[in-house]
Amino acid sequence: MTLLLRVLACALLLVPPQLPAADTQSFISEKPYPVANIREPEQHLPVNNVILMIGDGMGIHHLSAAWAANRGRLFIENCPVTGIAKTWCRDKLVDKAKDMEKSTGVVVTCELNDATPAAFCANNEKRSDSYGIIGDYPRSRADFIFGGGSKYFTQRPDGRDIFKEMGALGYKIARSWEEAAALPPGKTLAVVAPGNLPPPGKRGAVLRQATLKALETLSRNPRGFFLMVEGSNIDKAAHHGKLAEMMEEIFDFDRTAGTVLEWAARHPGTLVVITADHNTGAFSLSGGNLEKGEITALFSSGNHDGVAVPVYAFGSGSGAFTGIYENTDIFRKIMAAMKGEENKAVPVKKDS
């Protein structure tokens, strides 16, 4: 998949834009970040920890643009195992990990009532029911929760104060990253923005810092942990056709992935899976200059699409993630890894 990404990006950079200039946008990465080589630990050790990273809306075209703009290197390339997932939907790992007595956590840059964190921590028929979703968080059983959306925790139509409820359950509450960083390891609820977190240029390295804080807390459990980290706002920038903002979000996600891979390399028995839930924006890379870190690109839609997305895996049990499969099989593969069954074949559903 790394070779595919490189060939695709290079080929696209050689093709002149086919749409009028008014329909394209340009972006130049003025300060490319260095990418270290990270050596994968032994794949065949039992899986104790699982880190699932989701670049919301981040398909192969988005990664190709990031690869080109960062002068041909991304941290994600350190993953030796790649696959392709068809983009349907099924998640619910946090409660199942808790049943195995593992610690669990969620770190996102969106509101905590948004689709991905809600899928892991809540149970609601309507994704638009923001107050109802947040009202489920006291029952989530997650040990470390980080994101935005504080406006849904208080001043609610039902009169509940979710911060107080979760404080009574033993959670330490933080309303800013500075407060969260100062907390001792333990059950943590950090809701650091009234809505979604601001773009990387304003929020800084909070995604990486919060992820490391989560790892510090969750790794204290000798039975291991499950952590989901989402670069949520890649999707939101793509929905609105904001190229520069989307690129900065992808870079921030990739740098966070680098931090996670380095942590996993130091902690054998950790499986890292990096993927996307779907593509957003019908995004295409139409040209650019690799040496300058310049790309030209266009968005043909403001919606999601059903194009398959890449899957990258690193560490213990990573070999199970090669191939082409439904994204529901990611769930099954992770569950098998956590149960020590990662070497068993995962049945492939036939399309009806």
Problem set entry | Residue (of Ile133, Gly167, Gly72) at the positive-pole extreme of the chain, dipole from beta-carbon charges | Gly167
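I want to verify the translational diffusion coefficient of the chain in µm²/s; compute it with Stokes-Einstein, Rh as the Kirkwood radius over Cα pairs, at 4 °C and 1.567 mPa s. Could you put the intermediate results ahead of the total?
Working: Rh = 20.5 Å.
In µm²/s, the coefficient rounds to 63.
Loop only by DSSP, 16 or fewer other Cβ within 10 Å of the Cβ. Give me the GluC sites (Glu not before Pro) in the range 259-320 that pass, ordered by residue number. List each step's numbers first, then the result.
Working: sites: Glu262, Glu291, Glu294; in loops: Glu291.
Those that pass, being in a loop and sparsely packed, are Glu291.
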Exercise. Taking amide H positions as placed 1.01 Å from N in the peptide plane, with prolines and chain starts having none, which residues 5 or more places from Phe225, or on another chain, fall under 5 Å of its amide H?
Worked result: Asn49, Val50, Ser103
Seminar exercise, completed: Once both label points are put 7 Å beyond Cα along the C-beta direction, the Ala168-Glu341 separation in nm becomes 3.9
Problem set entry | Charged-residue dipole, Cβ positions (Lys, Arg, Asp, Glu), the range 19-150 about Cα centre, Debye nearest 20 | 180
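How large is the charge dipole for the range 212-253, taken about the Cα centre, if only the Cβ atoms of Lys, Arg (+1) and Asp, Glu (-1) carry charge, to the nearest 20 debye? Intermediate values should be presented prior to the final figure.
Numbers: 5 positive and 7 negative charges, 63 e Å.
Magnitude of the dipole: close to 300 debye.
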For this session: Quick one: what are the phi-derived ³J(HN,Hα) couplings along the range 200-215, Karplus 6.51/-1.76/1.60 with θ = phi - 60°, whole Hz, x for glycine and proline?
Result: x, x, 9, 8, x, 8, 4, 4, 5, 5, 5, 5, 5, 4, 4, 5
Seminar exercise, completed: Using alpha-carbon positions, the gyration tensor of the range 239-352 gives root eigenvalues a ≥ b ≥ c; with a/c under 1.5 called rounded, otherwise prolate if a/b exceeds b/c, else oblate, the class is oblate
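Counting only protein chains, not ligands or nucleic acids, how are Lys213, Lys236, Lys86 ordered by accessible area (probe 1.4 Å), most first? Don't skip to the end; give the middle numbers.
Numbers: Lys213 20, Lys236 45, Lys86 80 Å².
Highest to lowest solvent-accessible surface, that is Lys86, Lys236, Lys213.
For the range 55-134, which GluC sites (Glu not before Pro) are both in a DSSP coil and crowded by at most 14 other Cβ atoms within 10 Å? Could you put the intermediate results ahead of the total?
Values: sites: Glu77, Glu101, Glu111, Glu125; in loops: Glu101, Glu125.
Qualifying residues, ordered by number: Glu101, Glu125.
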For this session: Enter the per residue convex hull volume of the range 269-333, computed from alpha-carbon coordinates, in Å³ rounded to the nearest integer.
Result: 127
For this session: Per residue of the range 245-260, in order, report the coupling 6.51 cos²θ - 1.76 cosθ + 1.60 (Karplus, θ = phi - 60°) as ³J(HN,Hα) in whole Hz, putting x for Gly and Pro.
Result: 5, 4, 5, 5, 5, 5, 4, 4, 5, 5, 5, 5, 4, x, 4, 5
Problem set entry | Under 5 Å, built H, 5+ apart or other chain: amide partners of Ile84 | Val311, Gly323, Ile324, Tyr325
For this session: Label the range 132-238 by shape, choosing from rounded, prolate and oblate, from the square roots a ≥ b ≥ c of the eigenvalues of the Cα gyration tensor; if a/c is under 1.5 it is rounded, and otherwise prolate applies when a/b is larger than b/c, oblate when it is not.
Result: oblate
Exercise. Gly287's amide H: which non-local residues (gap 5+, or another chain) put their own amide H closer than 5 Å, with H modeled 1.01 Å from N in plane and none for Pro or chain starts?
Worked result: Thr296
Exercise. How far is helix 328-338 tilted off the main Cα axis of the chain, in degrees rounded to 10, range 0 to 90?
Worked result: 60
Problem set entry | Cα Rg, Dmax, the range 230-285, angstrom units | 13.4, 40
For this session: Enter the accessible area per residue of the range 159-229 (Å², integer; probe 1.4 Å; all protein chains in place).
Result: 45
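When the accessible area of the chain is split by element with a 1.4 Å probe, what percent falls to carbon and sulfur? Write out the running numbers ahead of the final one.
Values: 7800 of 14880 Å².
Carbon plus sulfur share of accessible area: 52 percent.
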For this session: Please turn the phi angles of the range 116-133 into ³J(HN,Hα) values with the Karplus equation 6.51 cos²θ - 1.76 cosθ + 1.60 (θ = phi - 60°), one per residue in order, whole Hz, x for glycine and proline.
Result: 5, x, 5, 5, 8, 10, 9, 9, 8, 6, 10, 5, 7, 7, 4, 5, x, 5
Seminar exercise, completed: For Tyr131, the accessible surface traced by a 1.4 Å probe with all protein chains present amounts, in square angstrom to the nearest 10, to 80
For this session: Return the distance in nm (one decimal) between the two label points of a simple spin-label model at Ile324 and Asp95, each offset 7 Å from Cα along Cα→Cβ.
Result: 3.4
Exercise. Relative to the longest principal Cα axis of the chain, at what angle does helix 2-13 sit, 0 to 90 degrees, rounded to 10?
Worked result: 50
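Taking the Cα centre of the range 85-199 as origin and charging only Cβ (+1 Lys, Arg; -1 Asp, Glu), how large is the dipole, in debye to the nearest 20?
Values: 17 positive and 15 negative charges, 39 e Å.
The dipole magnitude comes to about 180 debye.
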Problem set entry | Antiparallel %, DSSP beta bridges [both residues in the chain], to 5 | 40
Exercise. Using a 1.4 angstrom probe and counting only protein chains, how large is the accessible area of Phe253 in Å², to 10?
Worked result: 0
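What is the mean projected area of the alpha carbon convex hull for the range 183-245, to one decimal in square nanometres? Provide the component values of the computation, followed by the final result.
Values: hull surface 20.9 nm².
For the range 183-245, averaging the hull's shadow over all directions gives 5.2 nm².
The values are calculated or read from the model by the stated rules, or taken from the named source; none is laboratory data. In this text the structure is predicted, and so the values were computed from the model without any measurement. Here the Cβ is made from the backbone with ideal geometry for all residues, glycine too, and neighbour counts use every protein chain on show. Surface areas here come from the heavy atoms of the whole protein model, side chains and all, with no ligands, DNA or RNA. Shrake-Rupley method; radii C 1.70, N 1.55, O 1.52, S 1.80 Å.
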